[in-house]
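Asks: I have a structure here, written as structure tokens, and I will follow up with some questions on it.
The values are calculated or read from the model by the stated rules, or taken from the named source; none is laboratory data. Bear in mind the structure is a predicted one, so any value in this text is a computation, not a measurement. Cβ atoms come from the backbone with ideal geometry, glycine included; neighbour counts cover every protein chain shown. What goes into the accessible areas is simple: the full protein's heavy atoms, side chains included, and nothing from ligands, DNA or RNA. Shrake-Rupley method; radii C 1.70, N 1.55, O 1.52, S 1.80 Å.
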Amino acid sequence: MAINCTVNKKKVSLDIDPNTPLLWALRDHLSLLGTKYGCGIAQCGACTVWVNGEPTRSCVLPISAVSNAQITTIEGLDPVGKHPVQVAWDELDVPQCGYCQAGQIMTAAGLLKKNPHPSDQEIVDGMSGNICRCGTYHRIQEAVKLASKKIKK
Amino acid sequence: MKTSRRDFIQKTALFTGVFTLGFDWFSADASEMEVVASAGRFNAFLSIDSLGKITLFSPNPEIGQGIKTAFPVVVAEELDVDWAQVQVEQANLDTKLFERQLTGGSGALKHSWERLRKAGATVRKMMMQAAADQWKVDVNSCKTSKGVVLGPSGQKATYGSLAEAASKLPIPTEVSFKDRKDYKIIGTRVKGVDNKNVVTGKPLFGIDIRKPGMVFAQIIRPPFGATLKSFSAEDVKKMPGILDVVSFKNKVAIVGSSTYEILQARASLTCDYGSDSPLESNSTHAKWFDEGMKSDKAQVMRKDGDFAAALAKAVKVVEATYECPFISHSPMEPMNFFADVKKDSALLAGPTQVPQPAQKAVSDLLKIPIDKVQVEISKMGGGFGRRLNNDFVLEAAELSSIIQKPVLVMWTREDDMSGGTYRPAARYHFKAGLDANGEITAFYLRGVGLNAGNSTRQDNFPVGAIENVLIESFDQKSAVTTGPWRAPITNFLGFAEQAFLDEVAEAGGKDPVQMRLQLLAKVISNPVGKITYEPARFEEVIKQVAEKAQWKKKPGVHQGFSVYYSHLSYVAQIAEVKVENGKPKVTKVTAVTDCGEVINLSGAENQVKGAIIDGMGHALYAKLNFQAGVASPQNFNAYRMIRGNEVPVIDAHFVNNGIAPTGLGEPALPPTGGSIANAIYAATKKRHYKQPFN
Ligand code: FES
Ligand code: FES
């Protein structure tokens, strides 16, 4: 039986194995390639998307669990890149290779949605679940701070 | 400055729409023809069309080192345009157009610095000439600013309006470059040209490649040293979404229409392996290190004076052994590649640091003429040297030729971590003989590497400052595949040497910074044998870092020093450690780098900070174990990567000397393990001899 959910405000119907992790449904079946595979075992955060507004690791979440859910991927955060987190990421020139950054941005935007003005320690803790092999950690932390300031305005 | 014809394209046809003559390098791709038809391609690196659109082409693969931004910055500077005016495009592999299209060895800027400046300066001169002709004035009375030629009596013409006329002029053979005090872009903070696409999740990477009719595949590879005896394909072939199961070169490939279906099929496939000789385990490697240390077959890499005689006379002898395991590169984007092999042509696309060798290897393997093998370069989710080995390209091409379909071969994280071409494991033994004043009179190093080639860097400092030196290397062949890993060899040798020199300084009663400076003073006044580094540049980074980090001037702060020269750049570091709950914690690393002219300050800082974090993370945690030819761990749950809550403050400085730029993707890594280990020693009196520390 097909699984219906909403992805980036569009209704979709997935008629595939219900055990398929959301990550692969997005990438292989919905052609949403912004969400990345890094480990497949919920360790790196590269695959982070929002499920009903909550940052979630899509590599270990079967689509059977997202029936009727609202899913937001990096493509849906703000398609033209005007979300404060995206703007801050560009302004501070965070990306090196860029591969982990969709997951970082979805985690950061999720963090700021819950807590628009986090302390430095809350930023460090909130972002430490995401690996960046290039080591952009300092700029990630600074960019979350900058995005938080942008939200204030 | 002479302009060589080689860098420039015959451009007479550019504005006429006749592209057949002199344009064989464009193959017969209609879409590319159109692009060229509407754009005045002045040379390999840039085009300016009559509407004023300026496009800069970046030839080298981008792995996160920032080359796609840095190269065009240099061209734009000499062209004298506003950075906001230009667009940057990744050029595909084109061996006729570009001389060096690869990423590795931190060598791109050193190679291309002259070339890039010439590419910009030449076209700037042509624009001025075109304007001078039009205004009937002397070209020397014209100036440029922000993509506009300015005439002596206030005339103005944009490059776009001059493009057609300029393109018809002869290419000047003499051009002059800007004085660096007039630089407007070089040395500033320029944001990555791909940032916008990255933050909006555009499909930029190899793993995102989608082509019509494409299928997916994963490949099961044998343990190191093993051969495939049999595998159970029949049931697997019937599983949903599975299109084929084929075997080649001891590997089994599962071809399917989606990743998850292939993963499911993989879980039910069993392979039987055999081997002629025992498969390698940790104990094999330990035994090989012991044997290699004793072997009389080590190669003498360097000999100055008489080490043995000098050691016999030494008042004090310091000795230490250091060891590092095989480690994986683990770029965030696992290996993958797309191939579409037809009877007599092939299209390859994806993340390789070395597209040209990929083209050649595929041409050789499949007997397809090299000019029929096309390579598209995608952005890469990191490389760290792993994508210098084209094994994954060849596999994809071979599989595509077998199944006769366009295919994207994807490696899981487990495949990537267990699939080889690792940083080689190595063991080092150092000995130093000191005289009564604590001066080093004798210095010995033997490196034993497993598939490491020469595991030493025999001409590197402190060699050149010591009268009696013996450096030996012993390489043991292993079935475990190895390859360059960010700062090859020096990524661990740098740690071992800098940690050892810290012990030597202590034994000789010297301050580690002062000891380095005294040794360098000796190299300057009276060098021993051949030296490959510039001692004055070494001195400068050392002095600056000592000042910036307030070496030994911060009461209660435990500091460790190191300095290393690699890829023609010099990096000195001071790490600081504090003890928290009985455990040492690295709180700060100050680094001073001399990589010559800094092209993009933002990118340069990223490289230095990234390399230090990389060096620290791997020094603390990384290790692969081997059991019967199989590497583990295979994923990030047990193979720990450094995380954002563990990184120290990093204070990155650059020497401002205007020397031609040298490498920066790697040089900040080798000194890192040493500065940290030496700071940990200062805090805890415990020395580290092995990586990982934890
Ligand atoms: S891919 Fe999901 S956490 Fe790594
Ligand atoms: S930017 Fe490369 S992994 Fe984070």
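Asks: Mind jotting down the three principal axis lengths of region A:1-77 based on Cα atoms? Whole angstrom, largest first.
Replies: Taking the Cα atoms of region A:1-77, the three principal extents are 31, 25, 21 Å.
Asks: What do you get for the angle between helix A:137-152 and the principal long axis of chain A? Use alpha-carbon atoms, 0 to 90 degrees, nearest ten.
Replies: That works out to roughly 90 degrees.
Asks: If one computes the Cα centroid of region A:83-122 and of region B:165-207, what distance in Å separates the two points?
Replies: Using only Cα atoms to place each centre, the spacing works out to 27 Å.
Asks: Enumerate by residue number the trypsin sites (Lys or Arg not before Pro) in region B:276-325 meeting two conditions: DSSP loop (anything except H, G, I, E, B), and at most 15 other Cβ atoms within 10 Å of the site's Cβ.
Replies: Counting only loop positions with at most 15 other Cβ atoms within 10 Å, the trypsin sites (Lys or Arg not before Pro) in region B:276-325 are B:LYS297.
Asks: Now for a different question. Report, in whole Å, the centroid distance computed from the Cα atoms of region B:596-650 and region B:443-491.
Replies: Between the Cα centres of region B:596-650 and region B:443-491 lies a distance of 22 Å.
Asks: Please compute the Cα-Cα pair-distance distribution of region B:217-325 with 5 Å bins starting at 0, giving whole percents from short to long.
Replies: 2, 9, 14, 12, 10, 8, 7, 7, 6, 6, 6, 4, 4, 3, 1, 0
Asks: Over the whole of B:640-649, what's the average partner chain Cβ count within 10 Å per residue? Rounded to a whole number, please. All intermediate terms of the calculation are to be shown ahead of the outcome.
Replies: On the way: counts 2, 7, 5, 10, 17, 9, 3, 7, 1, 1.
Average neighbour count from other chains, rounded to a whole number: 6.
Asks: Please work out the Cα convex hull volume for the protein assembly as shown and give it in Å³ per residue. Write out the running numbers ahead of the final one.
Replies: On the way: hull volume 152.9 nm³, N = 847.
Each residue corresponds to 180 Å³ of Cα convex hull volume.
Asks: At q = 0.16, 0.19 Å⁻¹, work out log10 I(q)/I(0) for region B:385-427 with the Debye formula, treating every Cα as an identical point scatterer and leaving solvent out; two decimals please.
Replies: Each listed q corresponds, in turn, to -0.51, -0.67.
Asks: Report the extension gain between B:GLU99 and B:LYS477 in nm, rounded to one decimal, defined as 0.36 nm multiplied by the number of residues separating them, less their alpha carbon distance. Walk me through the numbers before you get to the answer.
Replies: Working: separation 378, 0.36 × 378 = 136.08 nm, distance 3.37 nm.
Stretched fully, the B:GLU99-B:LYS477 segment lengthens by 132.7 nm.
Asks: Please get the size of the charge dipole for chain B, origin at its Cα centre, with Cβ charges of +1 on Lys and Arg and -1 on Asp and Glu, quoted in debye to the nearest 20. Each step should come with its number before you reach the end.
Replies: Values: 83 positive and 73 negative charges, 173 e Å.
The dipole magnitude comes to about 820 debye.
Asks: Here is a further query. Search the structure for amide H atoms under 5 Å from the amide H of B:THR441, placed 1.01 Å from N in the peptide plane, and list their residues when 5 or more places away or on another chain.
Replies: B:GLY433, B:LEU434, B:ASP435
Asks: Write down the accessible area per residue of region A:1-136 in Å², having rolled a 1.4 Å probe over the full set of protein chains.
Replies: Details: 4900 Å² over 136 residues.
Spelled out: the 1.4 Å probe surface of region A:1-136, per residue, equals 36 Å².
Asks: Spin-label point model (7 Å from Cα, Cβ direction): what's the B:LYS578 to B:SER295 distance in nm?
Replies: About 4.8 nm, to one decimal.
Asks: Would you calculate the separation in nanometres between label points at B:GLU319 and A:GLU54, each defined as 7 Å from the Cα along the Cα-to-beta-carbon direction?
Replies: A separation of 6.1 nm, rounded to one decimal place.
Asks: Based on Cα coordinates alone, diagonalise the gyration tensor for region B:486-590, multiply each eigenvalue by 5, take square roots, and list the semi-axes in whole Å, largest first.
Replies: Details: eigenvalues 125, 52, 36 Å².
So the equivalent ellipsoid measures 25, 16, 13 Å along its semi-axes.
Asks: Another question, then. Please express the shape of region B:430-521 as an equivalent ellipsoid: the semi-axes are the square roots of 5 times the eigenvalues of the C-alpha gyration tensor, given largest first in whole angstrom.
Replies: In descending order the semi-axes read 28, 13, 11 Å.
Asks: Place the peptides B:567-575, B:53-61, B:666-674 in order of packing, highest mean first, counting for every residue the other Cβ atoms within 10 Å and averaging per peptide.
Replies: On the way: B:567-575: 27.9, B:53-61: 23.3, B:666-674: 30.4.
Ranked by mean Cβ neighbours within 10 Å, highest first: B:666-674, B:567-575, B:53-61.
Asks: Ok, one more. If each residue of separation counts as 0.36 nm, what is the full-extension length gain between B:ASN694 and B:ILE370 once their alpha-carbon separation is subtracted? Write down the numbers at each step before the final one.
Replies: Details: separation 324, 0.36 × 324 = 116.64 nm, distance 4.84 nm.
So the extension gain works out to 111.8 nm.
Asks: Follow-up. Report which residues of region B:374-395 become buried by 40 Å² or more of accessible surface when going from the isolated chain to the complete set of protein chains (1.4 Å probe; DNA, RNA and ligands ignored).
Replies: B:PHE384
Asks: Here's something else I'd like to know. Per residue, what accessible area does region B:536-634 have, given a 1.4 Å probe and all protein chains present, in Å²? Don't skip to the answer; put the middle values down first.
Replies: Details: 3300 Å² over 99 residues.
About 33 Å² of surface per residue is accessible.
Asks: Count charges around B:VAL148 for me, please; just the other residues with Cβ under 13 Å from its Cβ, Lys/Arg as +1, Asp/Glu as -1. Could the numbers behind the result be given before it?
Replies: On the way: positive: B:ARG124, B:LYS143, B:LYS146, B:LYS156; negative: B:ASP80, B:ASP82.
Summing Lys and Arg as +1 and Asp and Glu as -1 gives +2.
Asks: Calculate how many DSSP beta bridges within chain B are antiparallel, expressed in % of all such bridges and rounded to the nearest 5. Don't jump to the answer; show the numbers that get you there.
Replies: Working: 83 of 114 bridges.
The answer is about 75 percent antiparallel.
Asks: Find the Rg to Rh ratio for region A:68-116, where Rh is the Kirkwood radius over alpha-carbon pairs and Rg uses the same atoms. Don't skip to the end; give the middle numbers.
Replies: Details: Rg = 11.1 Å, Rh = 11.4 Å.
Reported Rg/Rh, Kirkwood definition of Rh: 0.97.
Asks: Per residue of chain B, what 222 nm ellipticity follows from adding -39500 (n - 2.57) for every DSSP H run with n ≥ 4, rounded to the nearest 500?
Replies: On the way: 17 runs with 210 residues, N = 694.
That calculation yields -9500 deg cm²/dmol at 222 nm.
Asks: May I ask you to order A:128-137, B:134-143 by the average number of other C-beta atoms within 10 Å around their residues, highest value first?
Replies: On the way: A:128-137: 25.9, B:134-143: 13.3.
Per-residue mean Cβ counts within 10 Å order the peptides as A:128-137, B:134-143.
Asks: When we measure straight from the Cα of B:LYS554, which lysines land under 22 angstrom away, once same-chain ones fewer than 8 places off are left out?
Replies: B:LYS554 reaches B:LYS510, B:LYS543, B:LYS578, B:LYS583, B:LYS585, B:LYS588, B:LYS685, B:LYS686.
Asks: Let me ask another. Give, as ranges by residue number, the residues of region B:371-403 whose backbone N falls under 16 Å from the point 7 Å along Cα→Cβ of B:VAL246.
Replies: Output list for this probe position: B:393-403.
Asks: Something else about it: Among A:GLN121, A:GLN141, A:GLN70, which one shows the highest mean-square fluctuation when chain A is modelled as a Gaussian network with alpha-carbon springs under 10 Å?
Replies: A:GLN121
Asks: Excluding ligands and nucleic acids, what accessible area in Å² is computed for A:HIS29 using a 1.4 Å probe, to the nearest 10?
Replies: Probe radius 1.4 Å; accessible area of A:HIS29 about 70 Å².
Asks: Percent of Cα-Cα pairs per 10 Å bin, from 0 to the last occupied bin, for chain A, please list those.
Replies: Per 10 Å bin, starting at 0, the Cα pair percentages come out as 12, 43, 32, 12, 1.
Asks: Roll a 1.4 angstrom probe over the protein heavy atoms and tell me the percent of accessible area of region B:431-555 that is carbon or sulfur. Don't skip to the answer; put the middle values down first.
Replies: Details: 2140 of 4280 Å².
On region B:431-555, the fraction of accessible area on carbon and sulfur atoms equals 50 percent.
Asks: Kindly give Rg over Rh for chain B, based on alpha-carbon atoms, with the Kirkwood expression for the hydrodynamic radius.
Replies: On the way: Rg = 27.7 Å, Rh = 27.6 Å.
Rg/Rh for chain B comes to 1.01.
Asks: Count, for each residue of B:202-209, the Cβ atoms from other chains sitting within 10 Å of its Cβ, then give me the mean as a whole number. The partial results should precede the final answer.
Replies: Values: counts 7, 6, 5, 5, 0, 5, 5, 1.
Per residue, the number of nearby Cβ atoms from other chains is 4 on average.
Asks: While we're looking at this one, here's another question. How many Å³ per residue does the convex hull of the Cα positions in region B:381-476 occupy?
Replies: Values: hull volume 13.7 nm³, N = 96.
Hull volume normalised by residue count: 143 Å³.
Asks: With the crude spin-label approximation of a point 7 Å out along Cα→Cβ, what separation in nm comes out for A:LYS149 versus A:ASP120?
Replies: Going by the 7 Å Cα→Cβ label model, 1.4 nm.
Asks: List for region A:85-132: residues with 50 Å² or greater reduction in accessible area, all protein chains versus chain alone, probe 1.4 Å?
Replies: Buried on complex formation: A:ASP90, A:ASP93, A:GLN96, A:CYS97, A:TYR99, A:SER128, A:ILE131.
Asks: Another question about this same structure. So how far, in whole Å, is the C-alpha centre of region B:677-692 from the one of region B:338-410?
Replies: Distance between centres, Cα-based: 44 Å.
Asks: What residues from region B:298-336 fall in the zone where the backbone N is under 15 Å from a label point 7 Å along the Cα-to-C-beta line of B:SER283?
Replies: none
Asks: When every alpha-carbon pair in region B:575-647 is counted, what percent end up more than 13 Å apart?
Replies: Details: 1977 of 2628 pairs.
Tail of P(r) above 13 Å: 75 percent of Cα pairs.
Asks: Mind checking the mean number of beta-carbon atoms from other chains within 10 Å of the Cβ atoms in A:30-39? It would help to have the intermediate numbers written out before the result.
Replies: On the way: counts 0, 3, 2, 9, 9, 1, 7, 10, 9, 13.
The shielding value for this peptide is 6.
Asks: Give the residue from B:THR481, B:LEU408, B:MET293 lying farthest towards the positive end of the charge dipole for the protein assembly as shown; charges sit on Cβ (+1 for Lys and Arg, -1 for Asp and Glu) and the dipole is referred to the Cα centre.
Replies: B:LEU408
Asks: By DSSP, what percent of the beta bridges with both residues in the protein assembly as shown are antiparallel, rounded to the nearest 5?
Replies: Values: 95 of 128 bridges.
Just about 75 percent of them are antiparallel.
Asks: A:CYS59: net charge of surrounding residues, Cβ under 12 Å, Lys/Arg +1, Asp/Glu -1, itself excluded?
Replies: +4
Asks: To continue, here is another question. Rounded to two decimals, what is Rg over Rh for region B:306-366 when you use alpha-carbon atoms and the Kirkwood radius?
Replies: Checking Rg against Rh, the ratio lands at 1.45.
Asks: Okay, moving on. Per residue, how much accessible area does region B:637-694 show when a 1.4 Å probe rolls over the protein heavy atoms, in square angstrom?
Replies: 35
Asks: From the residues B:VAL649, A:ALA2, B:ALA631, which one has its Cα farthest along the dipole of the protein assembly as shown in the positive direction, the dipole being from +1 and -1 charges on Cβ of Lys/Arg and Asp/Glu about the Cα centre?
Replies: Sorting the options by dipole projection puts first B:VAL649.
Asks: Leaving out ligands, DNA and RNA, what percent of the accessible area of region A:43-99 is carbon and sulfur, probe 1.4 Å? Before the final figure, lay out each step's value.
Replies: Working: 950 of 1880 Å².
Roughly 51 percent, rounded to a whole number.
Asks: I would also like to ask the following. What ³J(HN,Hα) values, in whole Hz, does the Karplus curve 6.51 cos²θ - 1.76 cosθ + 1.60 give for region B:175-181 when θ = phi - 60°, with x put for Gly and Pro?
Replies: 9, 10, 9, 5, 6, 5, 5
Asks: Using a cut-off of 11 Å between beta-carbons, work out the net charge of the residues near B:THR69 (Lys and Arg +1, Asp and Glu -1, B:THR69 not included). Don't jump to the answer; show the numbers that get you there.
Replies: Values: positive: B:LYS68, B:ARG189, B:LYS191; negative: A:ASP93, B:GLU62, B:ASP194.
After counting each charged neighbour, the total is 0.
Asks: Calculate one ³J(HN,Hα) per residue across region B:486-493 by plugging θ = phi - 60° into the Karplus curve 6.51 cos²θ - 1.76 cosθ + 1.60, and present them in order as whole Hz with x for glycine and proline.
Replies: Couplings: 2, 6, x, 6, 5, 4, 10, 4 Hz.
Asks: Any chance you could look up the accessible area of B:ILE402 with a 1.4 Å probe, heavy atoms only, rounded to 10 Å²?
Replies: 70
Asks: Using only protein heavy atoms and a 1.4 Å probe, how much accessible area in total is buried between B and A, to the nearest 100 Å²?
Replies: Values: alone 28500 and 8080 Å², together 32160 Å².
Summing both chains' loss of accessible area gives about 4400 Å².
Asks: How much length, in nm to one decimal, is gained on full extension between B:LYS685 and B:LYS237, taken as 0.36 nm per residue of separation minus their Cα-Cα distance?
Replies: Numbers: separation 448, 0.36 × 448 = 161.28 nm, distance 6.04 nm.
Extra length from B:LYS685 to B:LYS237 when fully extended: 155.2 nm.
Asks: Explain nothing, just the number: dipole magnitude of region B:247-369 about its Cα centre with +1 on each Lys and Arg Cβ and -1 on each Asp and Glu Cβ, in debye rounded to the nearest 20.
Replies: So the magnitude is around 300 debye.
Asks: With N set to the residue count of region B:269-389, report its C-alpha Rg divided by 2.2 N^0.38 Å to two decimal places.
Replies: Rg over 2.2 N^0.38 Å, computed on Cα atoms: 1.73.
Asks: Principal axis lengths of region B:591-694 from Cα atoms, whole Å, largest first?
Replies: So the extents along the principal axes, rounded to whole Å, are 52, 34, 25.
Asks: Of all the accessible heavy-atom surface of region B:179-327, with the other protein chains kept in place and a 1.4 Å probe, what percent is carbon and sulfur?
Replies: Values: 3910 of 7520 Å².
Answer for region B:179-327: carbon and sulfur cover 52 percent of the accessible area.
Asks: While we're looking at this one, here's another question. Place a +1 charge on the Cβ of each Lys and Arg in region B:620-694 and a -1 charge on the Cβ of each Asp and Glu, then give the dipole magnitude about the Cα centre in debye, rounded to the nearest 20.
Replies: Its charge dipole is roughly 420 debye.
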